[in-house]
Amino acid sequence: MASDKPKVAALHPNETERLKALRSYGILDTGTEPSFDDITKIASYVCQTPISIISLVDDGRQWFKSEIGLGVRQTPMEQSICAHAILEHSFLEVEDVTKDARFNCNPLVTGEPHVRFYAGALLRTPDGLPLGTVCVLDDKPRVLSAEQREVLAALARQVMAQMEFRRALVLADRLQRNISRLMAVAGHDLKQPLQVMVMAIDRIRNKLTDEKDRERLNYAIDAGMRMAEELDRLAETSVLGAGLGAPSLHAFPLQDVLDSILVNWRLHAEAKGLELTVLPSKAQIVSDSGMLRAILGNLVGNAIKYTDRGRVLVGCRKRDNAVSIEVLDTGTGIPSEQLSSIFEAFHQINPDSEGLGLGLSIVRRTAEALGHEIALKSDLARGSHFTVKVPLAAHT
């Protein structure tokens, strides 16, 4: 007769090395990301199961980078089927978990969601250490086809490829300064022909009268501008990460930066049917003009990205010995639970949005380097309101 207590999996023979490898990827407790959510969607669709998970087996828990159908981001180890799966060679499939002594007392089996079927393909490091699985679960017994097993294994390889890429980004951030300088220069140099292309397409579009042709060119302009934005992120992130972004503080007219913001982002706003208003300012400020331009450009770009209708407004207010540069939008706003992590790298306000989620991380890091204070207010009904506080020049 089976015990009524769940059977916790034995530790992996190289558990210390395995956990060290898992943590080296810097992925635990990070937010949801479209690239990983797409994988669970594909797994669920191909295997025709209501539940699919990217599960990482941590110390005392299993944590889910992405999940469909379970509704939680982690469970304790006694509920982990994946902890047993990582002891297998490469793949674990259990047609009916109620008939397997390892799982028949698992709370996920005896209670909601009443799991009956499990299949998991291992996530393995290049040196063979298992970190977790890409798994699918069902509430009825079943068997996967050979093709479904092959797809699940391929998805597990894709997860590991993305995790390796993430780790490479972290390691690249620590490389020598000349490598980061090369990335920064490449980002800017690659952007220049893109800008020429977008301007040329825009001129052609303005001469067309056929609405369908104009719409096709709108898509081309939008794609070009998105590519240019990501190249900006590449250049800015490389400069900051290499320590090449030491600010050169000097006094200059704030209007110089505001003019460039309007020029750079006008087409982006028009492409979405938005009104971009940049109010003039006579203030003389002390900052680094290039770094301040990066901060405001990212804030304005983010506002346009998450605003479907209405407008984006950039305005200024003098407060004591500083000027508050404010970026307001009429977009969807930011949920309260995301406010504390909004400035983290790879964070996406909307998991379905495009891009790497680096913009607001760049804003935070640049503002810290300049000593400028950043504030955020957001209302899901009214939009978002970012403020950058910059010191006034002494003679202002």
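The values are calculated or read from the model by the stated rules, or taken from the named source; none is laboratory data. Computed from a predicted model, the values in this text were never measured in an experiment. Don't worry about glycine lacking a Cβ; one is built from the backbone with ideal geometry, like all the others, and counts go over all protein chains shown. Keep in mind that these areas ignore ligands, DNA and RNA; they rest on the heavy atoms of the full protein, side chains included. Shrake-Rupley method; radii C 1.70, N 1.55, O 1.52, S 1.80 Å.
Numbers below:
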read-out	value
Residue within the stretch 329-336 that is in a helix (DSSP H, G or I), at pLDDT below 90 and of a type in the set (A, V, I, L, M, F, W, C) present	no
Residue in the stretch 40-52 that is assigned to a strand (DSSP E or B) and under 22 Å from the mean Cα position of the chain (by Cα) present	yes
Scan of the stretch 274-295 for residues that are at pLDDT below 90 and either part of a loop (DSSP other than H, G, I, E, B) or open to solvent by less than 30 Å² (accessible area, probe 1.4 Å) (or both), ordered by number	ASP288, MET291, LEU292, ALA294, ILE295
Near pairs, Cβ below 9 angstrom, 6+ apart or cross-chain, from the stretch 132-143 (closer than 12 Å to LEU92 by Cα and in contact (Cβ under 8 Å) with a residue 40 or more places away in the chain) to any residue that is surrounded by 24 or more Cβ atoms within 10 Å (Cβ to Cβ) and basic (Lys, Arg)	GLY132/LYS65
Within the stretch 1-27, tally of residues that are touching a helix residue (DSSP H, G or I) at 6+ places or on another chain (Cβ under 7 Å) and at pLDDT 85 or above	4
Residues satisfying the stated conditions in the stretch 366-396, i.e. surrounded by 15 or more Cβ atoms within 10 Å (Cβ to Cβ) and at pLDDT below 80	THR396
Selection within the stretch 66-108 - free of Cβ contacts under 8 Å to residues at least 40 places away in the same chain, within 20 Å of LEU123 (Cα to Cα) and open to solvent by less than 30 Å² (accessible area, probe 1.4 Å)	SER66, THR75, VAL94
Failed condition for VAL312, given (1) surrounded by 21 or more Cβ atoms within 10 Å (Cβ to Cβ); (2) without any contact (Cβ under 8 Å) to a residue 12 or more places away in the chain	(2)
Flag if HIS84 is farther than 24 Å from PHE165 by Cα, assigned to a helix (DSSP H, G or I) and over 19 Å from the mean Cα position of the chain (by Cα)	yes
